[in-house]
Amino acid sequence: MRYISVKKEDWDNSLEQLLLSCIIFAPVRNEFGIDYELLKPSDIPDIVFNEPKPATPLKNFFLPVTENVTSLRDTAKQRIIIGVPACDIHGLSLIDEIYLDKDFNDMFYRQRRENTILISSDCFGTQEHCHCLSYDIKPFDDSMSDMAVIRKDEEIILRIISEKGEELANKFTQAQPLEGKDVLLFIEKEHKRTEDSLQKANKGLPDYKMTGIIVEKAGNEIWKKYSSRCVSCGACTTICPTCTCFILIDKPNFEKVKQTDACQYPGFARVAGGEDPLFKLPLRFRNRYMCKYVWKPLKFKSLACTGCGRCIEACIGKINKNELFMELS
C-alpha cells in the first residue's frame, strides 16, 4: 500500500480521458443529498469527496433490482466506481461470500466484480445514524477496495491498495509519490476526528457479537413494540448494503427475471398451500434481525450489518434499530 499525489486539475483531466474507454460512477450532490451519477465530463468538477455517504448502496451495481438472467449483456467497457464508503466496501465482502461461492457461483455477479475498479473514499465526518465503528469497521478502507481517494484543497491523494489500483494509478500520468509527512498527518488527524465522533455518538451501543446475543434472547414484547410502526414497505432491506434476497420470475419464451425481494414484504415466506411462517408482522420484523445478527454469523465470516444507518434513514415508520438494541442491552 502506498500513496501518490496529483493536482486536482490533472485528476479532472485524467478522468475525462478515462471516460473515453471506461464507464465511471461518482457521488454528486443533488437537492436530496449525495448519490452516484453516471459521470459525464461536465460532472467531474462536482464530484463529492470524503463525505458520507451516497444514498444508493454499492450492492446495486452488482445486484440490479431487476435483471433478465437469460439475456446476453455487454461487459466490454471497464467500470470504475469512485467514492465508495468503507461500510459499503465491507458489505460487498458478504455478497462476495454468497455469490462467489465455489459451489454456487453466479457468473453475472463475477463478471461485474472482475470488470469493476472500486475507489473508496475516507469519511471525514459522520451522519446522524452512522455507526460503523461500533462493529469494528473503520470509516476508511485500506484493504478491500482497489484504491482510496482523499481531497486536500486542490490536491488529490490516492492510496493504492490492490493490483487493479496500481494499474489505474499508472493512468494518472501527472501523479507523484507523496512526499513529506504533513499530508499523512492531516489524514491521520481526520481519521481520528471521525472515529472520536462515531464513538461519542454511539456510546453504549453493543457491538456486532453482543447484538446477536441480545437479539436471540429477546422476548416477544420488544418485537411487538417496534413492529407496531412497521408498514412492511421493505425499504430497510432493499437499501441495506448486505441484504441479497431475490425472487426468480418465469416469463414467456423461457425468460427468467431475477428481482429483488425483501423479508419484510407480506407473503415473503408463503409456500404452496398457503402456509406462511412469517404471516404475523412481529415475526416478520424479528426475522430480519435474526438473519443479520444470529443466522448469518453462523454461516459467513463477513458482517451482515456494517453500520451504515441507511435502514434507519429509509424507514417510513421512523423505526431506529439502534434504539431497539440499546433498549435490549
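The values are calculated or read from the model by the stated rules, or taken from the named source; none is laboratory data. This one's a predicted model, so the numbers in the text were calculated from it and none came from an experiment. Neighbour counts are summed over all protein chains in view; Cβ atoms, including those assigned to glycine, are modelled from backbone coordinates with ideal geometry.
Worth pointing out:
- Only one entry of L92, L58, L63 meets the criterion of being touching a residue at least 40 places away in the same chain (Cβ under 8 Å), of a type in the set (A, V, I, L, M) and in contact with a strand residue (DSSP E or B) (Cβ under 6 Å, 6 or more places away or on another chain), and that entry is L58.
- Members of segment 1-15 found to be among the hydroxyl-bearing types (S, T, Y) and within 18 Å of I47 (Cβ to Cβ), listed by number: S5, S14
- Residues of segment 23-55 that turn out to be farther than 27 Å from H131 by Cα and touching a Leu at 6+ places or on another chain (Cβ under 9 Å), as a count: 6
- Qualifying residues in segment 161-171 (those that are out of contact with any helix residue (DSSP H, G or I) (no Cβ under 9 Å at 6 or more places or on another chain) and part of a loop (DSSP other than H, G, I, E, B)) - the one nearest to L15 (Cα to Cα): N170
- One residue stands out among those in segment 231-250 that are free of Cβ contacts under 8 Å to residues at least 60 places away in the same chain and over 25 Å from E97 (Cβ atoms): the one that is surrounded by the most Cβ atoms within 10 Å (Cβ to Cβ), which is S232.
- None of I214, I239 is hydrophobic (A, V, I, L, M, F, W, C), touching a Pro at 6+ places or on another chain (Cβ under 7 Å) and either within 30 Å of D106 (Cβ to Cβ) or modelled with pLDDT under 95 (or both) except I239.
So that you can scan it fast, the table gives a plain yes or no per residue for (1) under 11 Å from the mean Cα position of the chain (by Cα); (2) farther than 30 Å from R193 by Cα; (3) assigned by TED's automatic domain parsing to the domain that holds S145:
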position: I81; (1), (2), (3): no, no, yes
position: V84; (1), (2), (3): yes, no, yes
position: H90; (1), (2), (3): yes, no, yes
position: R110; (1), (2), (3): no, yes, yes
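- Close contacts from segment 214-226, counting a first residue that is closer than 12 Å to L281 by Cα and a second that is surrounded by 14 or more Cβ atoms within 10 Å (Cβ to Cβ) and not basic (K, R), with Cβ to Cβ under 6 Å and a gap of 6+ residues or different chains, come to W223/P282; W223/F285; K224/P282; Y226/I319; Y226/L324.
- Criterion: part of a loop (DSSP other than H, G, I, E, B) and farther than 26 Å from L94 by Cβ - qualifying residue of A272, A262: A272
- For segment 273-282, the criterion of being modelled with pLDDT of 95 or more, among the small types (G, A, S), at positive phi and not assigned by TED's automatic domain parsing to the domain that holds C130 is met by none of the residues.
- The strands (runs of 3 or more DSSP E) found wholly in segment 111-160 and carrying at least 1 residues that are among the charged types (D, E, K, R) occupy 147-152, 155-160.
- Contacts under 6 angstrom Cβ, first residue in segment 149-167 being closer than 12 Å to L118 by Cα, partner polar (S, T, N, Q) and part of a loop (DSSP other than H, G, I, E, B), 6 or more apart: I161/S145
- So I44, is it modelled with pLDDT of 95 or more, β-branched (V, I, T), surrounded by 15 or more Cβ atoms within 10 Å (Cβ to Cβ) and over 16 Å from L118 (Cα atoms): yes
- Residue within segment 206-216 that is under 30 Å from L278 (Cβ atoms) and touching a His at 6+ places or on another chain (Cβ under 8 Å) present: no
- Test: residue in segment 172-182 that is surrounded by fewer than 16 Cβ atoms within 10 Å (Cβ to Cβ), in contact with a Lys or Arg (Cβ under 8 Å, 6 or more places away or on another chain), in the same structural domain as L15 (by TED's automatic domain parsing) and assigned to a loop (DSSP other than H, G, I, E, B): yes
- Any strands (runs of 3 or more DSSP E) falling wholly within segment 27-85 and containing at least 2 residues that are touching a helix residue (DSSP H, G or I) at 6+ places or on another chain (Cβ under 7 Å): 78-84
Results for (1) loosely packed, with under 15 Cβ neighbours inside 10 Å; (2) over 23 Å from C130 (Cα atoms); (3) over 20 Å from the mean Cα position of the chain (by Cα), shown as yes or no for each residue.
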position	(1), (2), (3)
V257	no, yes, yes
E275	yes, yes, yes
F279	yes, yes, yes
R288	no, no, no
Y293	no, no, no
L303	no, no, no
N322	no, no, no
